[in-house]
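The values are calculated or read from the model by the stated rules, or taken from the named source; none is laboratory data. As the structure is a computational prediction, the values presented were derived from the model and not from experiment. So basically every Cβ, Gly included, is an ideal-geometry build from the backbone, and we count neighbours across all protein chains shown. Side chains are part of the model used for accessible areas, which takes the heavy atoms of the whole protein and leaves out ligands, DNA and RNA. Shrake-Rupley method; radii C 1.70, N 1.55, O 1.52, S 1.80 Å.
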Amino acid sequence: MMNNPPLHVDVITIFPAYFEPLQLSLIGKALDKSLVTIDIHDLRDQATGVHKSVDDTPYGGGAGMVMSAVPWGAAIDQVIDAHPGVVHDLIVLTPAGEKLTQAKAHEFSTLSHLIFACGRYEGIDHRVTEFYQSQPQVRVHELSIGDYVLNGGEVATLVTLEALIRLIPGVLGNPESLVEESHSIAASDEGAPDLLEYPNYTKPPEWRGLAVPEVLLSGNHAVIKGWRSQAALTRSKKIAGQTGE
Ligand code: 6GU
């Protein structure tokens, strides 16, 4: 099966080297097969001053630096203009954004053109978000990957890309694993997993005095299925207890 036409991804960052691992493993193979195309852009190429600076002090005062709208606007315009005639989904990575969920990863995996804006420091001048929200051919998503603080959007972009690219038809060697996931994830509206995966075991049957649960060696698929459902439920309840849900 083929995504037609394949998803194109542009990433804008001051640290292009963060994205070298995209050549590895399943995503590397998906790139080789042109199931997705990814271009990485150095924001600093758009900086004009002698120091090629892309940040400045915040209006109103306070700690840290803010990324300037000027190079960001130039970089985003460039990737939009390079892909005419499609809707552009601009994903601005920020701890203040909406949380990434499996449902969002699914949605992103079906789109035509994703642009990831990786902010650093205290973030990007807010007018960048405002401006592109006003553009009819652009949808803006402010996205966070969880309740903790990273130094910038690069790692959050890698996480988001891995979550969405593996959902593109043809990327996974064994699409069965997606079917199993969708059962265990049994999407709530938010796409948050409400049932976690059951624990898995492989050979040897005994390791450091620990045996594999007997039932998994029984060959009785109905009983195994029942055991796995129960184990998934127990795990999910335990985790829910930890997070106070
Ligand atoms: Cl998208 N950016 C940063 N800087 N920190 C984060 C994040 C994003 N998501 C969670 N923490």
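In the set (1) at pLDDT below 95; (2) within 11 Å of the chain's Cα centre (by Cα), the condition left unmet by E122 is number (2). Against the definition (under 22 Å from F131 (Cβ atoms), in contact with a Cys (Cβ under 8 Å, 6 or more places away or on another chain) and modelled with pLDDT of 95 or more), how does V86 come out, yes or no? Spelling it out, it is not the case that V86 is under 22 Å from F131 (Cβ atoms), in contact with a Cys (Cβ under 8 Å, 6 or more places away or on another chain) and modelled with pLDDT of 95 or more. When T13, T101, T94 are checked against the criterion of being within 18 Å of A163 (Cβ to Cβ) and in contact with a strand residue (DSSP E or B) (Cβ under 7 Å, 6 or more places away or on another chain), a single residue qualifies: T94.
Taking the listed residues K104, K99, K52, K33, the one that is of a type outside the set (V, I, T), farther than 24 Å from G146 by Cα and in contact (Cβ under 8 Å) with a residue 24 or more places away in the chain is K33, with no other qualifying. On inspection, E98 fails the criterion of being of a type in the set (D, E, K, R), closer than 17 Å to V11 by Cβ and open to solvent by 30 Å² or more (accessible area, probe 1.4 Å).
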